[in-house]
1. So, in the range 40-148, how many Lys pairs have Cα atoms under 21 Å apart, if the pair is 8 or more places apart or on different chains?
2. Please work out the FRET efficiency for the pair Asp65 and Leu99, using the Cβ-Cβ distance as r and a Förster radius of 35 Å; give the result to the nearest 0.05.
3. Label-point separation (nm) for Ser115 and Lys78, each offset 7 Å from Cα along Cα-to-Cβ?
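None of the figures in this text is laboratory data; all of them are computed from the coordinates on show. None of these values were measured; they are calculated from a predicted model. Note that we place each Cβ from the backbone using ideal geometry, even for glycine, and neighbour counts take in every protein chain shown.
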Amino acid sequence: MFIPPIPARSSRMQGLGPLNRLGMARTTTEVRAMALQGPIPVEFGAVFPDGAYAAGKFEMVRDFDRSQGDRVVQQVDKASGLPLWVIEVIDPQESARQLTVKVKVAAQYQPVLPSPAAGSPFTAVEFDGLIRRNPCRIKGGKSHRSARS
């Protein structure tokens, strides 16, 4: 359901949400739906309470719309214009729904992981500035999820 943006001249009525373009108060559901649109900042500890480990190395994200044949074009972040890199991350939390997730990172150059700690096969990673984008975007009948750092 599309909810148009609130015009600048809108005001709040006591006990009701902001006014819509028709001058009618929006319902709580409408106001709540608007608050959840767009990128949602999240803390690393909220997403990975038991930490996270790299399951590989950073790889470029291919822009399938602009790539043609052997000419591969790297996808760029819409907000910053920086190239996007992806890494598969292990979530060690026992109650995790997925063992691994892919995290996209916007960076000018390919990020390089340090060596794993002595006695560990994996490198511990932590992401600053995590953003949950398009929590559940329907594309071709399938649900896609994405998170970026």
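1. Within the range 40-148, the lysine pair count is 9.
2. That gives a FRET efficiency of 0.70.
3. The two pseudo-label positions are separated by 4.2 nm.
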